[in-house]
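**Q** Structure provided below as structure tokens; questions to follow.
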Amino acid sequence: MKYTEFLSDCFDELTKKQDEFKKRFDLNSYSNWFYDQASGLLTFSTETTEINFRYIAVGTFSTKSNTWKWSWDNDNTLPKVKKKMELVLEFGKQHGFEKLTTGLIDSEENEGWEFTAIACKLLNGIGAYRPVSNNLQIFMVISELVDNLQAKEEKDKYVDCENHERKRRAFVCKHLNKRKKTGFHESFETLENMEFEYEDDDFQAWCDACEKVRLKNDGWNAKAMKFAGIKIVCEKCYFEIKEANR
């Protein structure tokens, strides 16, 4: 397989997908767009309506340095939106395509679309999108349409933290903090960045005092919940509190 021939096939396929995508969704009719790495959702909206997609971060092109950086090599790109790009990296290794396996390369703007076309084919995307932020062109593969209700539920599972930006939400009792050891109890054993087994799972923790009240009341009844005074923190804060209470 020659790189140029494979690229040509991918680009032709992306062109057809983009034509169909534009006809189906008419993104130009939306006045606002927003992408959220934490949830992996790309949202287009007006004052009265919105549409949501799941996306995969392919990479970025810098118009300042004329370089391309793959998302899998970018520490500023969250695992949520770049994990699947490992398939593109492995494909490049298998076929000896150096441009697909070098994290940062000298490049031109058109190559961003070429790399995105390759990713879209390998990851079975339905289209592509390229927002611009200052000197960076951000290339994405759109993988699927997401129902607005489902998108809201997914977005609600994330919080904006003043210390750690946007992260998954976590619930802790009002007594837990990073300064004083108060004990640390969880609903199940957790690890940072873990994937939950069930959709309704959350990070939940409470202190020794709350555990005594919970046991005395045979579980989390109204009295126990009032004593706990549950508050929301981000996932990163949760594990900093957990580490401080070890």
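The values are calculated or read from the model by the stated rules, or taken from the named source; none is laboratory data. All of these numbers come straight from a predicted model, not from anything done at the bench. Positions of Cβ are generated from backbone atoms using ideal geometry, with glycine treated the same way; all protein chains shown enter the neighbour counts. Calculation scope for accessible area: heavy atoms of the full protein, side chains included, ligands and nucleic acids excluded. Shrake-Rupley method; radii C 1.70, N 1.55, O 1.52, S 1.80 Å.
**Q** Mind checking which of Ile105, Leu122, Phe184 is farthest towards the positive end of the chain's charge dipole, using Cβ charges of +1 (Lys, Arg) and -1 (Asp, Glu) about the Cα centre?
**A** Phe184
**Q** Any lysines with Cα under 19 Å of the Lys16 Cα? List them, leaving off those in the same chain fewer than 8 positions away.
**A** The qualifying lysines are Lys121.
**Q** Would you mind giving the three semi-axes, in whole Å and largest first, of the ellipsoid equivalent to the chain according to its Cα gyration tensor?
**A** Result for the chain: semi-axes of 42, 21, 15 Å.
**Q** Within the range 122-246, what percent of beta bridges assigned by DSSP are antiparallel, to the nearest 5?
**A** 85
**Q** Please calculate the 1.4 Å probe accessible area of Asp106, with all protein chains present, and give it to the nearest 10 Å².
**A** Its accessible surface works out to 130 Å², give or take rounding.
**Q** Counting only the backbone N, which residues of the range 151-192 are under 15 Å from the spot 7 Å out from the Cα of Met225 toward its beta-carbon?
**A** What the label zone holds, given the 15 Å backbone N cut-off, is 171-174.
**Q** Using heavy-atom solvent-accessible surface (probe 1.4 Å) with all chains present, what is the largest-first order of Lys2, Lys23, Lys121?
**A** Sorted descending by solvent-accessible area, the residues read Lys23, Lys2, Lys121.
**Q** Using a Förster radius of 25 Å, what is the FRET efficiency between Val132 and Met1 based on their Cβ-Cβ separation? Nearest 0.05, please.
**A** About 0.15, to the nearest 0.05.
**Q** Quick check: with the 1.4 Å probe, what order do Asp160, Asp218, Asp36, Asp12 take by accessible area, largest first?
**A** Output order, biggest surface exposure first: Asp218, Asp160, Asp12, Asp36.
**Q** Still on this structure, please answer the following. Using just the helices of the chain, give the 222 nm mean residue ellipticity in deg cm²/dmol: DSSP H runs with n ≥ 4 each add -39,500 (n - 2.57), and the total is spread over all residues, rounded to 500.
**A** Helix-only estimate at 222 nm: -10500 deg cm²/dmol.
**Q** Taking a 1.4 Å probe, which of Trp72, Trp206 shows the most accessible area, and what order do the others take after it?
**A** Trp72, Trp206
**Q** Could you give the length gained by full extension between Glu98 and Ser65, i.e. 0.36 nm per residue of separation minus their alpha carbon distance, to one decimal place?
**A** Between Glu98 and Ser65, full extension yields an extra 9.9 nm.
**Q** Would you pull out the residues with amide H under 5 Å of Tyr158's amide H, same chain only if 5 or more places away, H placed 1.01 Å from N?
**A** Arg169
**Q** Roughly how many Å² of Glu211 are accessible to a 1.4 Å probe, to the nearest 10?
**A** Counting only protein heavy atoms, the figure is 30 Å².
**Q** Then there's this: Consider all pairwise Cα distances in the range 176-217 and report the whole-number % of them above 13 Å.
**A** Counting pairs separated by more than 13 Å, the tail of P(r) holds 61 percent.
**Q** Ok, one more. Counting only the heavy atoms of the protein chains, how much of Leu191 is accessible to a 1.4 Å probe, in Å² to the nearest 10?
**A** About 120 Å², ignoring ligands and nucleic acids.
**Q** Taking Cα centroids, how far is the range 205-234 from the range 32-110 in Å?
**A** 42
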